[in-house]
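Only one structure is covered here, and it is reproduced in the block below.
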Amino acid sequence: MGLFEDVVVNAKSAVDVVGKKASKIVDVSKLRISAADLNNEISKRFETIGRTVYEAKKTGNDSSDLITESVAAIDDLYEQLDAVNNQLASAREKLICKNCGQVNEQGAAYCSKCGQKLSND
């Protein structure tokens with residue numbers, strides 16, 4: 001029975017490892033989808049600003065308040081996108097340079113693109 005028990009224990013360990021890897025892949029996939037959704041929303045907001053400016057110019061109306069609101073909404077979306085990208089980098093065990101946006105290896109002390117000192121927070 002010792003050999004059989006060893007096989008069962010090894011099989012359970014392998015299943016646990018595969019389960020954790022699969023869970024991590026699902027998490028990364030969800031983060032990628034979230035980032036894509038945010039990018040699409042940002043693009044839509046930029047398109048809306050363009051149409052607003054066009055209509056305002058064409059009709060002679062002042063649309064500065066609407067544009068200001070749209071810019072604030074886009075800035076908020078960019079902050080959300082940065083947070084998702086940081087979660088994605090963390091899940092991949094990577095660091096994103098706050099200066100230039102370069103993806104670096106987890107243990108790197110300095111950015112491989114711009115040389116900025118990297119922090120793990």
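The values are calculated or read from the model by the stated rules, or taken from the named source; none is laboratory data. Note that the coordinates shown come from a computational prediction; the quantities given were computed from them, not determined experimentally. Here the Cβ positions follow ideal geometry from the backbone for every residue, glycine too, while neighbour counts run over all protein chains shown. The accessibility values were calculated without ligands, DNA or RNA, using every heavy atom of the protein model including side chains. Shrake-Rupley method; radii C 1.70, N 1.55, O 1.52, S 1.80 Å.
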Selected residue (criterion: surrounded by the fewest Cβ atoms within 10 Å (Cβ to Cβ)) from residues of the stretch 79-98 that are without any contact (Cβ under 8 Å) to a residue 40 or more places away in the chain and in contact with a helix residue (DSSP H, G or I) (Cβ under 7 Å, 6 or more places away or on another chain): I96
Scan (1) within 23 Å of Q80 (Cα to Cα); (2) at pLDDT below 65 for the single condition V18 breaks and write down its number. (1)
Sole exception among (1) open to solvent by less than 50 Å² (accessible area, probe 1.4 Å); (2) modelled with pLDDT under 90; (3) farther than 17 Å from L88 by Cβ for F4, by number: (1)
Hey, among G107, G50, G101, which residue is surrounded by fewer than 14 Cβ atoms within 10 Å (Cβ to Cβ) and on the phi > 0 side of the Ramachandran plot? G101
Does S43 satisfy the condition of being modelled with pLDDT of 95 or more, part of a helix (DSSP H, G or I) and within 19 Å of the chain's Cα centre (by Cα)? yes
